[in-house]
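One structure below.
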Amino acid sequence: QQMERRPEQWSAEAEVEFRAEMEGARARLRSLRANAPQPAAARPEPPSAFMCPISHELMSDPVVASDGHCYQRNDIESWLEMKGTSPMTGAPLAHPQLYPNFSLRSQIENWKDLINAA
């Protein structure tokens, strides 16, 4: 069994061969790195106010319930079919009416436009 020699025991010829192999490996690594596909930039997370507290998804049709909180319309409608309470507080809602939040919808649309333009 041949014992490995430490670098200080290499002959001049072995050292030249080793350095040539290392430079070749470095060149191949540089080439691989240069030609590797670049990962897509991570899409920024939406502000928490744009996310429905029921589904945890970006809202497209935000509404305000009588508890003062905003929800995605279809999520809060489904919630209210099963329960008459606030998803945020658990307290009974004063009434089941939902009001469109046009300002929040506009802010979400503007944010989406900014993200898609980047």
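So the values come out like this:
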| quantity | calculated |
| --- | --- |
| Net charge of neighbours whose Cβ lies under 14 Å from the Cβ of ARG105, counting Lys and Arg as +1 and Asp and Glu as -1 | -1 |
| Given charges at beta-carbon only (K, R positive; D, E negative), |dipole| of the chain in Debye | 160 debye |
| Accessible surface of the chain, 1.4 Å probe, proportion on carbon and sulfur as whole % | 54 percent |
| ³J(HN,Hα) computed for each position of the range 70-83 - Karplus, 6.51 cos²θ - 1.76 cosθ + 1.60, integer Hz, glycine/proline x | 9, 9, 5, 3, 5, 5, 6, 4, 5, 4, 5, 5, 9, 9 |
| Extension gain (nm, one decimal) between HIS69 and THR85, 0.36 nm per residue minus Cα-Cα | 4.5 nm |
| Summed side-chain charge close to ASN74 - residues other than ASN74 whose Cβ falls under 12 Å, Lys, Arg +1, Asp, Glu -1 | -4 |
| Amide H contacts of THR85 (H built 1.01 Å from N, under 5 Å, at least 5 apart or other chain) | LEU93 |
| Model label zone, GLN107; criterion: amide N under 11 Å from point 7 Å along Cα-to-beta-carbon; scope the range 47-74 | 47-51, 70 |
| Computed lengthening from GLU77 to LEU114, 0.36 nm per intervening residue step minus Cα-Cα distance | 10.4 nm |
| Backbone HN-Hα couplings from phi across the range 91-97 [Karplus 6.51/-1.76/1.60, Hz, Gly and Pro as x] | 7, x, 7, 5, 7, x, 5 |
| Net charge over other residues, Cβ less than 12 angstrom from the Cβ of MET22 (K, R count +1; D, E count -1) | -1 |
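The values are calculated or read from the model by the stated rules, or taken from the named source; none is laboratory data. None of these values were measured; they are calculated from a predicted model. Reconstructed Cβ throughout: ideal geometry from the backbone, glycine too, with neighbour counts over all protein chains shown. Keep in mind that these areas ignore ligands, DNA and RNA; they rest on the heavy atoms of the full protein, side chains included. Shrake-Rupley method; radii C 1.70, N 1.55, O 1.52, S 1.80 Å.
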